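Here's the structure, in structure tokens; my notes come after.
The values are calculated or read from the model by the stated rules, or taken from the named source; none is laboratory data. Everything numeric in this text was worked out from a predicted model, so none of it was measured. Reconstructed Cβ throughout: ideal geometry from the backbone, glycine too, with neighbour counts over all protein chains shown.
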Amino acid sequence: MSESSLRFGPPPAEFRLTPGKRVLFLMQDPELVRRQLAGELDLRMEDIDPADLLDDINTDTMTPAWVCFRHRPADIARDAYAGWVADGERVFGTNALIDGGFEVIVAGLRKGVGSSRETAAQCEKWAGIKLSIAASFAPIHERNLINQGVLTGGYDLIQRLQDGAAIPLDTFFDGQDPITREIIRAGGLFAFGSGLRDGSITVPPHETAERPMTMGEKIIASHLVGDAPKHVKPGDAVVARVDGGYSHEFTSAQVHVFLEEEFGKDYAVKDPSKFAVFEDHLIYADDVAKMRPFIAEIQTLRDLQVEFQKHTKVRDYSAKDGVSPGICHQVAREHIIEPGDFIQATDSHTCMGGASNALAYGVGATEYAALLHSGFTLVEVPESIRFELHGALRPGVAAKDVILYILLHFAKPQKTLNRIMEFGGPGLANLPLDERATLANMATECSARAGVVEGDEALLAWIAARRPEADIDALRARLVGPDEGAHYDGGVHVIDMSTIEPMVATPGDPDQGVPSDATNGALVADLGDVAIDIAYGGSCTAGKEDDLDMYAAVMTDALAAGLRVAEGVRFYIQFGSEDVERYARGKGYLEVFEQTGVQVIKPGCGACIGCGPGVSETSDQVTVSAINRNFQGRSGPGKLYLASPLTVAASAVTGRITAWKPGDFASKVAPEAAPTV
């Protein structure tokens, strides 16, 4: 029997704990978790203060990169939660979740933040978990659980289960749209799809009348399949056509295997023309000592992606002579995504495509396989929240500081959770396209569904410069803006960009922002004097052309002041794509970097996911990075601070976390901090 048929099947009409099975509470105190895993402790909900449950469990913790090198879910489950390390040791040993005999797992707020990797849901499903409980879920993670056939719910269910009660299946329908209810009833997405094909399941129609819509709502409405009304509202369950998408070597193998298991080895995809595969995430894994034990598994993923691409004929962005064409999200902006598109891909930073006035977000391998085969997907229309940008950024401040501000003030209190973040307003014209992409990219760090940026002539000019064949008049007609009177459940929030200060997120989570002292632009005052070992500029968030402009501006300033990268600091800059590298070379930036001691890396992912130069090697190392996530262990065992490209480059020169203003190195950098060139 295939894994697919084992994985999916209708749940019983009521859920109760199987005799002898247990509930695992993911407590903030790791010792309480270790004791539960060892069978020494059984907790009950009435004895638990929900505030003591672990919040913001990220998918890197549930299945770190090395676990994702396995493409079979049963193998992934053996090392569930392998990324949770306390006091230098894993909290969950190999097979700990499987051997513990648990059927229910309980967490705090925002369970499953971070990457869209479906492996995080698979590790629980295949370890025997049938019900995942949390105060709230990151939207992609909850969708992945439901697609895998795992039930989800809130704290009110636990005491009833522990008292021996049976929970009717329809209890798990609360708060879910009609289509999701049918997926739950079927036992997962593939089982639901089978029911649609044989007619045993039908999709209930929505009946939303004409109404003003947000940008996200308008894009979904324009992609509805069939004769459905062309207006939607939050909560509507609809079937929508998908324009394009992509997978990479971390995920293509599962997509290929799932499609073979569900539809046979001769399966076909609906329309491969705007779908693609990328070899970007693991391109430098061979160069990282901790990754070398997994090279055989990584090569299997690469080989299966080649097989998948040849079978489907999707666009091929494989490495040539060991060099990647670039990070999928950046290359998709450059060559695939168009205004008004609906894009889905197997990576949480798919939302970066929203900078192109498109609706784009990440999905798991199961959902991607289903939409690739059918050409459409199932959508519960999300709520929206709008950010009206006014003014312009001051020198030394970047869009990264704006999104770190939003993370601190809006995402941390869950105002962006599962919502489409809209960016518009008169200040948008003061942001270059790559800076807009930074805002859209980090919508997923906000636990939002997506980020959509208003389109304008600057966007069309940006596309025309990269795609001479593009019909710009046709693309102009596809630009999407919000309707007058559109309703935003998350509100409309004005952000005066001239008041934003350089921000740093302290280690552990992107929403822990600290503004610098704007009066002197020197050290980040609230941090104190934080010395660094590594500075990293790259990733989809910070390897774009405008990011290279920022690194070069700081390093040119340093060069003029007779300075270079501080002694004992390694500063890496990695290009987001081949186009970006050509741009930097043409601008003369590589000469500046060479003269100031910067180590330049070919295009691709790398340190951002712990698979390339720039990762820390020991727990006492400190990194300041322009990437998007700083979860524990994400980029090595050290402490990781997030900042803008400007702050990262300035910190590399001073040797400590430092904000930057043009031309002020001579007055604020002590000679001993950075030797002369």
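Here are the numbers:
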{"read-out": "Residues located in the stretch 100-131, provided they are assigned to a strand (DSSP E or B) and charged (D, E, K, R)", "value": "103, 111"}
{"read-out": "Residues located in the stretch 631-663, provided they are more than 15 Å from residue 531 (Cβ to Cβ) and crowded, with 24+ Cβ neighbours inside 10 Å", "value": "634, 635, 642, 644, 645, 646, 649, 659, 660"}
{"read-out": "Criterion violated by residue 338 - all others in (1) among the acidic types (Asp, Glu); (2) touching a Leu at 6+ places or on another chain (Cβ under 8 Å); (3) assigned to a helix (DSSP H, G or I) satisfied", "value": "(3)"}
{"read-out": "Cβ pairs under 8 Å, 6+ apart, first in the stretch 546-560 and over 14 Å from residue 663 (Cα atoms), second modelled with pLDDT of 95 or more and acidic (Asp, Glu)", "value": "546/434; 546/435; 547/434"}
{"read-out": "Positions within the stretch 190-203 being under 31 Å from the mean Cα position of the chain (by Cα) and part of a loop (DSSP other than H, G, I, E, B), in sequence order", "value": "203"}
{"read-out": "Residue 51 in a loop (DSSP other than H, G, I, E, B), out of contact with any Asp or Glu (no Cβ under 8 Å at 6 or more places or on another chain) and of a type in the set (A, V, I, L, M, F, W, C)", "value": "no"}
{"read-out": "Search result, residues across the stretch 458-478 that are buried (at least 16 other Cβ atoms within 10 Å of the Cβ) and of a type in the set (A, V, I, L, M)", "value": "459, 460, 463, 475"}
{"read-out": "Matching residues in the stretch 126-145 - criterion: being in contact with a Lys or Arg (Cβ under 7 Å, 6 or more places away or on another chain) and more than 24 Å from residue 370 (Cα to Cα)", "value": "134, 136"}
{"read-out": "Residue list for the stretch 10-26, filter: aliphatic (A, V, I, L, M) and either in contact with a Gly (Cβ under 9 Å, 6 or more places away or on another chain) or farther than 22 Å from residue 81 by Cα (or both)", "value": "13, 17, 24, 26"}
{"read-out": "Options 569, 530, 524; residue that is hydrophobic (A, V, I, L, M, F, W, C), at pLDDT 95 or above and either surrounded by 19 or more Cβ atoms within 10 Å (Cβ to Cβ) or out of contact with any helix residue (DSSP H, G or I) (no Cβ under 7 Å at 6 or more places or on another chain) (or both)", "value": "569"}
{"read-out": "Residue 372 closer than 18 Å to residue 239 by Cβ and touching a residue at least 60 places away in the same chain (Cβ under 8 Å)", "value": "yes"}
{"read-out": "The stretch 131-143 residues that are over 10 Å from residue 118 (Cα atoms), paired with ones that are in a helix (DSSP H, G or I) and charged (D, E, K, R) (beta carbon under 8 Å, 6 or more apart)", "value": "132/124"}
{"read-out": "The stretch 597-626 residues that are under 21 Å from residue 327 (Cα atoms), paired with ones that are acidic (Asp, Glu) and surrounded by 24 or more Cβ atoms within 10 Å (Cβ to Cβ) (beta carbon under 8 Å, 6 or more apart)", "value": "603/280; 604/280; 605/280; 626/547"}
{"read-out": "Given (1) of a type in the set (D, E, K, R); (2) farther than 30 Å from residue 381 by Cβ; (3) at pLDDT below 95; (4) surrounded by 16 or more Cβ atoms within 10 Å (Cβ to Cβ), number of the condition residue 517 does not satisfy", "value": "(4)"}
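Here's the yes/no breakdown for (1) in the same structural domain as residue 69 (by TED's automatic domain parsing); (2) in a helix (DSSP H, G or I); (3) surrounded by fewer than 22 Cβ atoms within 10 Å (Cβ to Cβ):
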residue	(1), (2), (3)
240	no, no, no
247	no, no, no
254	no, yes, no
286	no, yes, yes
292	no, yes, yes
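Residues are listed down the side, and each one gets a yes or a no for (1) of a type in the set (Val, Ile, Thr); (2) at pLDDT below 95; (3) surrounded by fewer than 18 Cβ atoms within 10 Å (Cβ to Cβ):
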{"position": "58", "(1), (2), (3)": "no, yes, no"}
{"position": "72", "(1), (2), (3)": "no, yes, yes"}
{"position": "79", "(1), (2), (3)": "no, no, no"}
{"position": "87", "(1), (2), (3)": "no, yes, yes"}
{"position": "90", "(1), (2), (3)": "no, no, yes"}
{"position": "106", "(1), (2), (3)": "yes, no, no"}
